[in-house]
Amino acid sequence: GTGMEQHLQAGSASGSPVREKPVMSNIGKSTNILWHDCPIGQTERQKLLGQKGCVIWITGLSGSGKSTVACALSRELHYRGHHTYVLDGDNLRHGLNRDLSFKAEDRTENIRRVGEVAKLFADAGTICIASLISPYRRDRDACRALLPDSRFIEVFMDLPLELCEARDPKGLYKLARTGKIKGVHRS
């Protein structure tokens with residue numbers, strides 16, 4: 001038979017795959033869920049791609065050049081034969097995170113979601129470049145904790161506030177100065 005048929009028949013003498021009793025979990029609001037491991041794992045994917053997956057998390061003030069650096073890094077790594085993907089904060093708010101505001105609790109959820117997606121990319125063997133303001137250290141640390149073995153690299157775009165404000169590509173600093181928005185900072 002085919003390779004798939006041979007693999008399935010190898011599971012037991014009866015020809016059916018070996019099945020262990022599932023362990024059900026309750027995670028957050030989800031109940032009766034089961035983690036399903038596949039025979040092709042991170043090691044096999046990394047071997048196929050010839051690289052180790054990781055997350056390069058670029059953080060900094062609005063206007064500090066995060067997205068520009070993320071795209072330039074992705075382009076350079078691509079030219080060198082590496083598989084990358086950029087997760088840009090604004091782009092993600094057009095889809096995955098469009099239901100979130102910029103209040104502290106929504107910022108935390110935004111970063112949590114991006115961290116989980118970045119973890120999946122890294123597990124797939126991709127060099128994931130995340131570019132987000134991500135102002136709260138505790139949120140970045142939570143993302144770092146998702147990736148063992150130093151596979152989370154944080155880059156802080158350390159530009160003076162005056163330069164970021166002069167660039168102000170989204171007009172956020174002008175809105176903050178006039179009191180129309182709050183929370184334009186990094187901690």
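The values are calculated or read from the model by the stated rules, or taken from the named source; none is laboratory data. A quick note: this is a predicted structure, and the numbers were derived from the prediction, not measured. A quick note on method: Cβ atoms are made from the backbone with ideal geometry, for glycine too, and the neighbour counts reach across all protein chains shown. Only protein heavy atoms, including side chains, enter the accessible area calculation; ligands, DNA and RNA are left aside. Shrake-Rupley method; radii C 1.70, N 1.55, O 1.52, S 1.80 Å.
Name the single residue that is nearest to Cys164 (Cα to Cα) among those in segment 41-68 being of a type in the set (A, V, I, L, M, F, W, C) and within 14 Å of the chain's Cα centre (by Cα).
In this case the residue turns out to be Ile58.
Could you say whether any residue in segment 142-158 is over 24 Å from Cys54 (Cβ atoms), open to solvent by 70 Å² or more (accessible area, probe 1.4 Å) and in contact (Cβ under 8 Å) with a residue 60 or more places away in the chain?
no
For Arg138, only one of the following conditions fails: (1) closer than 21 Å to Ile56 by Cα; (2) surrounded by 17 or more Cβ atoms within 10 Å (Cβ to Cβ). What is its number?
Tallying (1) closer than 21 Å to Ile56 by Cα; (2) surrounded by 17 or more Cβ atoms within 10 Å (Cβ to Cβ), Arg138 fails exactly one: (2).
Name the pairs: first residue in segment 70-91 and open to solvent by 70 Å² or more (accessible area, probe 1.4 Å), second residue of a type in the set (A, V, I, L, M) and outside any strand (DSSP E or B), Cβ to Cβ under 6 Å, at least 6 apart or on different chains?
His83/Leu49
Between Ser67, Ser101, Ser131, which is more than 26 Å from Gln42 (Cβ to Cβ) and surrounded by 14 or more Cβ atoms within 10 Å (Cβ to Cβ)?
Only one candidate passes the filter, namely Ser67.
Checking the structure you have, find out if any residue of segment 38-55 is at pLDDT 95 or above, of a type in the set (A, V, I, L, M, F, W, C) and either out of contact with any Gly (no Cβ under 9 Å at 6 or more places or on another chain) or within 15 Å of Ser131 (Cβ to Cβ) (or both).
yes
Which condition number does Pro169 fail, the rest of (1) more than 17 Å from Gly89 (Cα to Cα); (2) open to solvent by 50 Å² or more (accessible area, probe 1.4 Å) being met?
(1)
Residues are listed down the side, and each one gets a yes or a no for (1) over 30 Å from Met157 (Cα atoms); (2) not in a loop (DSSP other than H, G, I, E, B); (3) not hydrophobic (A, V, I, L, M, F, W, C):
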| residue | (1), (2), (3) |
| --- | --- |
| Asn32 | yes, yes, yes |
| Cys38 | yes, no, no |
| Leu48 | yes, yes, no |
| Tyr85 | no, yes, yes |
| Asn97 | no, no, yes |
| Ser101 | no, no, yes |
| Val117 | no, yes, no |
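For Arg107, state whether it is among the basic types (Lys, Arg) and at pLDDT below 90.
Taking the combined requirement at face value, the residue does not satisfy it.
Answer yes if at least one residue in segment 108-118 is surrounded by fewer than 20 Cβ atoms within 10 Å (Cβ to Cβ), farther than 26 Å from Gly28 by Cα, of a type in the set (A, V, I, L, M, F, W, C) and out of contact with any Gly (no Cβ under 7 Å at 6 or more places or on another chain), and no otherwise.
No, the conditions are met nowhere in segment 108-118.
Check off (1) more than 12 Å from the chain's Cα centre (by Cα); (2) farther than 17 Å from Met157 by Cβ; (3) modelled with pLDDT of 95 or more for Arg112 and give me the number that stays unchecked.
(1)
Looking at segment 162-175, can you tell me whether even one residue there is within 17 Å of Gly63 (Cβ to Cβ) and among the hydroxyl-bearing types (Ser, Thr, Tyr)?
yes
Run down Ala72, Ala122 and say which single residue is of a type in the set (Gly, Ala, Ser), in contact with a strand residue (DSSP E or B) (Cβ under 7 Å, 6 or more places away or on another chain) and not in a loop (DSSP other than H, G, I, E, B).
Result of the check over Ala72, Ala122: Ala122.
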